Amino acid sequence: MHARKRIEIVVEAVRAEAVTALLDRLGATGWTVLPVLAGRGRQGIRRAGDPGGVDDNVIVLCIASEAVAERIMGAQAELLGARPAIVSITECQVLRADHF
Amino acid sequence: MHARKRIEIVVEAVRAEAVTALLDRLGATGWTVLPVLAGRGRQGIRRAGDPGGVDDNVIVLCIASEAVAERIMGAQAELLGARPAIVSITECQVLRADHF
Amino acid sequence: MHARKRIEIVVEAVRAEAVTALLDRLGATGWTVLPVLAGRGRQGIRRAGDPGGVDDNVIVLCIASEAVAERIMGAQAELLGARPAIVSITECQVLRADHF
């Protein structure tokens, strides 16, 4: 097993592509986008399924090497430009080192 | 980066509001609800999409300060009253301390 | 609280059952399957909702004891036979020891 960083970003669906493009540019080897049903944050409660879908959030999940994770955190201004609700990082272990 | 707790609760969709109301009351600054497609637990296999949706599970995700996380764990009786399938906590780091 | 392993596996929806059957056989007491909207990996970008759904990914989440987690990692050849995109493991704490 190999140590990596698990980066989890809750962001508006319409801004998710800004986040994944940043991850791509900073060397992430991949990412996964998950749907969100509802959430409460600083801007009150949001629920998925409103007519325009403009309020929908998603979660962008990225497993990255420490070097790439540091680059992502270093690009904080740009990352926060996509106005994520949450950016959290967890230590994890992965099965195959060559994939990240 | 700032240390926080990532709390993940798998619970029946119909009981999710009891969980998020508890999180609100105990001082959580936000939470996110994710859909679940299927699961196996102590009560056998469940799949989303059954007619009444009564068997659907969701995941309630909450990033909290240590103080709030301790309060949530301290309210164990009330939390377990919503009959969650799983309550797990992971250490994480967040980008902005003022959001949690 | 009790220490456990949180195993997260991103895998094609059509192969998820091979993964959950393996988890069952190795002693996991449960698992949860989450939908995925989109992802980028070694094979390029995938989006959910294509006609046949053959490209859809899901996430299989499993909270396991250290013994079961070791057995799962030990069955690497079989696990990788389901061609997961990602297998990552995180340390977590659970509320009820008897459930895992």
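The values are calculated or read from the model by the stated rules, or taken from the named source; none is laboratory data. This is a predicted model, so every value here is computed, not measured. Please note: Cβ atoms are built from the backbone with ideal geometry, for glycine as well, and neighbour counts cover all protein chains shown. Protein only, heavy atoms only, side chains kept; ligands, DNA and RNA dropped before computing areas. Shrake-Rupley method; radii C 1.70, N 1.55, O 1.52, S 1.80 Å.
Looking at this structure, is C:Thr29 among the β-branched types (Val, Ile, Thr), surrounded by 16 or more Cβ atoms within 10 Å (Cβ to Cβ) and in a loop (DSSP other than H, G, I, E, B)?
For C:Thr29, the condition - among the β-branched types (Val, Ile, Thr), surrounded by 16 or more Cβ atoms within 10 Å (Cβ to Cβ) and in a loop (DSSP other than H, G, I, E, B) - is met.
Considering only region A:56-77, how many residues are open to solvent by 50 Å² or more (accessible area, probe 1.4 Å) and away from chain B (no Cβ under 12 Å)?
3
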- Task: Starting from residues that are in a helix (DSSP H, G or I) and in contact with a strand residue (DSSP E or B) (Cβ under 6 Å, 6 or more places away or on another chain), keep the ones in region A:3-25 and report whichever is surrounded by the fewest Cβ atoms within 10 Å (Cβ to Cβ).
- Result: A:Ala13
- Query: Which ones in region B:78-95 are within 20 Å of A:Ile63 (Cα to Cα) and either in a helix (DSSP H, G or I) or at the interface with chain A (Cβ under 10 Å from one of its Cβ atoms) (or both)?
  - Reply: B:Thr90, B:Glu91, B:Cys92, B:Gln93, B:Val94, B:Leu95
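A quick yes/no check of all residues on (1) in contact with a Cys (Cβ under 9 Å, 6 or more places away or on another chain); (2) on the phi > 0 side of the Ramachandran plot; (3) modelled with pLDDT of 95 or more:
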site: A:Arg4; (1), (2), (3): yes, no, yes
site: A:Asp24; (1), (2), (3): no, no, yes
site: A:Arg42; (1), (2), (3): no, no, no
site: A:Val54; (1), (2), (3): no, no, no
site: A:Asn57; (1), (2), (3): no, no, no
site: A:Val60; (1), (2), (3): no, no, yes
site: A:Glu78; (1), (2), (3): no, no, no
site: A:His99; (1), (2), (3): no, no, no
